[in-house]
1. Does LYS232 qualify as being within 24 Å of LEU160 (Cβ to Cβ) and either at pLDDT below 95 or not polar (S, T, N, Q) (or both)?
2. Open to solvent by less than 100 Å² (accessible area, probe 1.4 Å), within 24 Å of ALA242 (Cα to Cα) and either in contact with a Ser or Thr (Cβ under 9 Å, 6 or more places away or on another chain) or in a strand (DSSP E or B) (or both): is that true of VAL191 in this structure?
3. Quick check on the range 138-161. Is at least one of its residues under 22 Å from ASP192 (Cα atoms) and in contact with a strand residue (DSSP E or B) (Cβ under 9 Å, 6 or more places away or on another chain)?
4. Looking at (1) acidic (Asp, Glu); (2) under 25 Å from PHE162 (Cβ atoms); (3) in a strand (DSSP E or B), can you tell me which one GLU218 breaks?
5. When you go through SER125, SER94 one by one, which is the residue that is in a loop (DSSP other than H, G, I, E, B), of a type outside the set (Val, Ile, Thr), at pLDDT 65 or above and under 27 Å from SER144 (Cβ atoms)?
6. Only one of ALA182, ALA175 is over 23 Å from the mean Cα position of the chain (by Cα), at negative phi and in a loop (DSSP other than H, G, I, E, B). Can you tell me which?
7. Kindly list the number of the only condition in (1) without any contact (Cβ under 8 Å) to a residue 40 or more places away in the chain; (2) part of a strand (DSSP E or B); (3) among the aliphatic types (A, V, I, L, M) that fails for ALA118.
8. Working carefully through the options THR181, THR150, find the one that is over 26 Å from ALA116 (Cβ atoms) and modelled with pLDDT of 90 or more.
Amino acid sequence: MLRRHRGPSGEEKTSCIHVLYAADSVEESIYSKVDWYEATGVDSNKFYLWDLETEPRSQDGPPRKPLPKEEQIAADSLEPGCKYPGQYEGAEFSCDSQRNITNEGGQYAVDTAEIAEAVLRIKASGGKFRVTPKRHFVLVRVPSDEEWETLFVTRLTKPLRFNLPTRRVESSEEAVNWGSTARTGDVYPFVDLPVIDGELHFKQRSGGIVSKKVRGGEVFARSGDKAGDAGKGADALRLITAIKELQRTGKKVSRIAINEAQHAIYRDAGLLHFICALDVGLEFPQAPTE
């Protein structure tokens with residue numbers, strides 16, 4: 001590789017830089033990410049293969065060329081689920097089964113139902129994906145044989161938004177009053193209300209149960225007359241009934257949180273939604289001790 005620079009007196013000089021790396025190794029993969037023709041000019045590069053036992057043999061070009069950038073790819077050649085011919089580049093986001101999308105800072109995007117469903121459909125699971133910086137191609141990586149393959153999902157028509165609607169609450173009493181007339185499924189406006197239990201999960205087995213993870217496993221909320229506290233048993237039944245009502249309308253509710261207003265809420269497509277108001281909370285068996 002030739003490099004041109006100017007000496008102390010201003011005259012132009014040419015020096016030679018040698019880049020050595022092991023063929024058929026991870027080093028080759030690293031250097032293949034650089035377009036040496038673009039970086040130094042076509043006439044500045046000469047490539048050789050050297051086995052150390054014989055003289056270096058001239059090669060027509062680098063053993064591997066970098067994948068094209070997004071600007072070099074014809075958008076009309078891409079279809080959802082097709083193998084993406086370019087680099088896996090761009091900002092990274094995560095998608096979950098409830099159509100929520102978060103950035104690397106953990107912030108939730110809004111209005112994510114369509115893009116989240118597209119990612120889940122192509123990736124066949126939640127997880128990470130990327131959006132290219134200029135043309136906004138949505139890309140996912142999936143396992144293929146012993147390697148990873150990049151697939152095209154869709155193209156964003158507008159950037160993801162992370163400015164969640166907020167309603168500052170002066171006290172939990174304001175939220176309690178709101179909840180007295182709210183309906184199951186309503187968008188929940190109090191995003192800054194402290195959560196007292198954010199690791200609850202709804203499961204379908206046994207007619208519907210609410211669980212939470214604890215050290216050594218998980219425990220299940222006692223419902224109805226199984227609870228020692230009748231009020232908490234009634235709250236568990238009320239919560240399970242409300243979740244089933246949401247599911248009958250096509251909503252996917254698996255992760256649940258309860259805030260200090262005793263409101264059970266869940267997040268779908270980036271927005272919090274109201275499930276129901278509890279009177280006293282839930283009763284769980286004591287976590288097993290080691």
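The values are calculated or read from the model by the stated rules, or taken from the named source; none is laboratory data. What you see is a predicted model, and the numbers here were worked out from it, not measured in a lab. Here the Cβ positions follow ideal geometry from the backbone for every residue, glycine too, while neighbour counts run over all protein chains shown. Side chains are part of the model used for accessible areas, which takes the heavy atoms of the whole protein and leaves out ligands, DNA and RNA. Shrake-Rupley method; radii C 1.70, N 1.55, O 1.52, S 1.80 Å.
1. On the way: within 24 Å of LEU160 (Cβ to Cβ): no; either at pLDDT below 95 or not polar (S, T, N, Q) (or both): yes.
The answer is no for LYS232.
2. Numbers: open to solvent by less than 100 Å² (accessible area, probe 1.4 Å): yes; within 24 Å of ALA242 (Cα to Cα): yes; either in contact with a Ser or Thr (Cβ under 9 Å, 6 or more places away or on another chain) or in a strand (DSSP E or B) (or both): yes.
Yes: the conditions hold for VAL191.
3. So in the range 138-161, the residues under 22 Å from ASP192 (Cα atoms) come out as 160-161.
Then drop every residue that is not in contact with a strand residue (DSSP E or B) (Cβ under 9 Å, 6 or more places away or on another chain), which leaves 160-161.
Yes - at least one qualifying residue is present in the range 138-161.
4. Only one criterion in (1) acidic (Asp, Glu); (2) under 25 Å from PHE162 (Cβ atoms); (3) in a strand (DSSP E or B) is unmet by GLU218, namely (2).
5. Numbers: SER94 fails: in a loop (DSSP other than H, G, I, E, B).
Matching residue, one of SER125, SER94: SER125.
6. Working: ALA175 fails: in a loop (DSSP other than H, G, I, E, B).
Exactly one of ALA182, ALA175 is over 23 Å from the mean Cα position of the chain (by Cα), at negative phi and in a loop (DSSP other than H, G, I, E, B), namely ALA182.
7. (2)
8. Numbers: THR150 fails: over 26 Å from ALA116 (Cβ atoms).
Every option except THR181 fails the conditions.
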